[in-house]
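**Student:** The structure follows.
The values are calculated or read from the model by the stated rules, or taken from the named source; none is laboratory data. These numbers come from a predicted model, not from an experiment. FYI the Cβ positions are ideal-geometry reconstructions off the backbone, even for glycines, and counts take in every protein chain you see. Ligands, DNA and RNA are stripped out before the accessible areas are found, and what is left, the full protein with its side chains, is counted by its heavy atoms. Shrake-Rupley method; radii C 1.70, N 1.55, O 1.52, S 1.80 Å.
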Amino acid sequence: MARYLATLLLCSFFVTSAFGKTDAPAYTSKRISNPEDIQAIKQVIEDFRLAIINKDGKKLSTLVLNSRILFTSPGDQKAVEKIREKDINFDGVGIGGFYNFSNFISTAPDKIEEKFYNVDITQDGILAWVMFDYEFYENDKVSNYGVEHWQMRKIDGKWKIFSVIWSQYLLERK
């Protein structure tokens, strides 16, 4: 029993050492963040949500750094393999990105909305990361859901989205 406990303690020491707090210099563990920037980031999230509801692709475009940002939901392995039948280099990252999304939002015939839950914002100076669970609704029914992650940067005094990536689980439409 004593040997078992000693082994367990030794293993927990190595796990803590490998994944726990390190002895990094104090300046590496401090993030530069302030309430004004966090509030401005929250406003971008709200403006994004309202632009979808209002089908306002132009408003969406004011929230992103440029129209060429990474904006995708990588395909699962089955989808990747299907496309690799014709393109062996396909990595699961789709094309069309922000432009296709903005166009879809602007022209959707149905009522649409994206709801955000468990929003987590991490800011460090001019960079920020926003992660949340989402549900996308069409005509008041969830059509897909998952986890979404944004990278943001502050430029010209404004917070802009410079990448959006999300998991996507589809629900069957009835």
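**Student:** I'm trying to understand the selection: among the residues of the stretch 93-146, which are among the aromatic types (F, W, Y) and touching a Leu at 6+ places or on another chain (Cβ under 9 Å)?
**Tutor:** Result: F98, F101, Y145.
**Student:** Name the residues in the stretch 152-163 that are more than 12 Å from I45 (Cα to Cα) and part of a strand (DSSP E or B), would you?
**Tutor:** Across the stretch 152-163, the qualifying residues are R153, K154, I155, K158, F162, S163.
**Student:** I would also like to ask the following. Looking only at the stretch 143-166, how many residues end up being open to solvent by 40 Å² or more (accessible area, probe 1.4 Å) and of a type outside the set (A, V, I, L, M, F, W, C)?
**Tutor:** Going through the stretch 143-166 one residue at a time, the tally reaches 9.
**Student:** Could you check I53 against (1) at positive phi; (2) in contact (Cβ under 8 Å) with a residue 40 or more places away in the chain; (3) open to solvent by 40 Å² or more (accessible area, probe 1.4 Å) and say which number it fails?
**Tutor:** With respect to (1) at positive phi; (2) in contact (Cβ under 8 Å) with a residue 40 or more places away in the chain; (3) open to solvent by 40 Å² or more (accessible area, probe 1.4 Å), I53 is out only on (1).
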